[in-house]
Amino acid sequence: MYCSKCGLAIPDDTKFCSGCGMSTQDIVAQQQQAQQQIAPPPPLGSTPYQSSNSYPYNNQPYMHTQPYMHTQPQNEPAPGAQGKAIAAFVLALVALTVPIPVIDIIAGIVAIVLSVIAKRDGLDTKFRTASFVLAIIGTVVAVGFTLTYFTDPQSVSTWLP
């Protein structure tokens, strides 16, 4: 069954909607009331409306429609997901620009984690993807620089002014 308030799919054996907290007894009562308000379709082969108003629009006969079924809402990001993506982007820029490898590695890892959490929270934008990619690039560069420094410190000193 679906919640008539928020549209979330609810197992039949639960007592409350996990999305909005509405009682499933209220949901069932609303659905039963909606079913009672819907008139049954006319029998096959009969013309339901014989009055002069039976074809009001372009001489088209009245067509019985199905009742409105509440559909599940679009996936909207959780509150704070955009902020996590912005923080991930800023940390990714720190990982790319700060010349201290330890800070770059930490900032890059935190940026990757924040970007993954933002995606889990439902935010799937190009901005979040860009922050994820920049964080990976910054972390890889910092790790590579650190490994090169510890294996051959003389070669790294020629890179720096």
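The values are calculated or read from the model by the stated rules, or taken from the named source; none is laboratory data. Quantities reported herein were computed from a predicted structural model and do not represent experimental measurements. Using ideal geometry, Cβ is built from the backbone for each residue, glycine included, and neighbour counts are taken over all protein chains shown.
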Revision key, fill the gap. Over segment 89-137, the set of residues more than 25 Å from Phe150 (Cα to Cα) and in a loop (DSSP other than H, G, I, E, B) is Asp121, Gly122, Leu123, Asp124, Thr125
**Study point:** Checking Ala92 against (1) over 30 Å from Lys5 (Cα atoms); (2) crowded, with 16+ Cβ neighbours inside 10 Å; (3) modelled with pLDDT under 90, the condition it does not meet
**Key:** (3)
